[in-house]
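Since the structure comes first, as structure tokens, the remarks are kept for the end.
Quick note: the coordinates plus some simple rules give every number you see, no bench work behind them. The structure presented is a predicted model; accordingly, all values stated were derived computationally and were not measured. Because the Cβ atoms are built from the backbone with ideal geometry, glycine has one as well, and the counts that use them run over all protein chains shown.
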Amino acid sequence: MRLIKSPKEVDLIRKATQIAGLGIIEAMKSTQPGVYEYQLDAAAKYIFYMQGARGDAYPAIIGGGTNAYMGHYFYKTDVLKEGDLVLMDYAPDYRYYTSDVTRIWPVNGKFNEEQKELYNFVIAYRDALFKYIKPGVTSNDVLDKAAADMKQYLVGKKFVKPAHLKAVQEGVQFRGHFQHPVGMAVHDVGRVHGVKLKPGMVFTIDPMIWIHEERLYVRIEDVALVTETGVENMSAFVPSSIEDVERTIKEKGLIELRPAIALPIKK
Ligand code: GLY
Ligand code: MN
């Protein structure tokens with residue numbers, strides 16, 4: 001029953017996704033060097049509660065620099081540094097339903113050239129995966145077709161470092177970009193692999209790459225709803241293109257408008 005969402009359940013997941021996105025957008029706006037990872041958590045939590053959520057569905061994963069490499073890093077105790085990326089994966093509990101959205105952005109508000117190369121690969125992979133999701137196909141069909149597109153994408157592409165080229169080549173082969181169902185739990189029950197996709201299934205698309213030599217991890221995550229004719233990206237409104245992300249970071253966020261008046265607690 002939980003694998004195929006009813007229209008009412010889809011509405012609740014859509015609302016949870018909107019709140020997740022608004023929280024992440026607030027964190028993006030509030031980002032600058034010197035802000036702590038836990039302060040981005042605070043900014044998003046404020047939005048979650050204000051929008052009617054009852055707290056979060058899972059502890060926020062917010063990792064600056066190499067902290068993001070630790071997968072489900074939830075300590076959030078470090079200060080964000082100039083030149084690093086910060087990854088944020090967070091969603092609220094909204095009337096017992098949730099979502100699962102991830103974005104990654106530059107702490108100083110501008111992607112550098114090597115970050116752009118890696119980030120654009122991940123965004124292109126997300127778009128390739130979404131292109132092939134529709135009723136009647138399987139996750140393997142989607143992954144095979146998207147991987148073929150991404151192989152083409154890499155033809156003639158240059159990467160500043162050999163380790164980055166290796167990371168994206170491994171990323172093309174990786175099968176974990178098509179992830180898990182979402183619903184009452186962030187990893188909801190039911191199988192979305194090895195079955196034909198059906199309208200009402202909701203799951204995440206989570207393209208990711210690891211640059212092991214530098215302990216870097218680049219990933220974004222969107223929430224896919226299979227419709228009668230194709231797919232809807234429920235989290236598409238959360239900035240992901242380089243232009244949209246950079247424009248959002250430039251806006252003033254809660255942390256700049258309401259700075260901590262006592263010194264933040266240090267590690
Ligand atoms: N959002 C955390 C996860 O999917 O594992
Ligand atoms: Mn996930």
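If a/c stays under 1.5 just call it rounded; otherwise compare a/b with b/c (prolate if a/b is bigger, oblate if not). Do that for the chain, with a ≥ b ≥ c from the square roots of the Cα gyration tensor eigenvalues. Note, shape of the chain comes out oblate. Based on alpha carbons, the Rg and Dmax found for the stretch 21-173 are 17.2, 49 Å. Give me the one-decimal nm value for the distance between modelled label points at E213 and I4, 7 Å along each residue's Cα-to-Cβ direction. Each label point lies 7 Å from its Cα, and together they span 5.0 nm. Past 29 Å, Cα to Cα, is the threshold; run K45/K252; K81/K131; K8/K134; K8/K76 against it and keep the listed order. The pairs that break the limit, which is 29 Å between Cα atoms, are K81/K131; K8/K76. Shown for L197, L257, L40, L129: other C-beta atoms within 10 Å of each C-beta, ranked fewest to most, produce the order L257, L197, L129, L40.
From most to least packed by mean Cβ count within 10 Å, the peptides 68-78, 21-31 give 21-31, 68-78. Each peptide among 130-140, 174-184 gets the average number of other Cβ atoms lying within 10 Å of its residues, and from highest to lowest they stand as 174-184, 130-140.
Here's the list of aspartates and glutamates a cross-link from K15 could span, going by alpha-carbon distance under 18 Å and ignoring same-chain residues fewer than 8 apart: E26, D56, D89, D93, D100, D188, E221, D222, E232.
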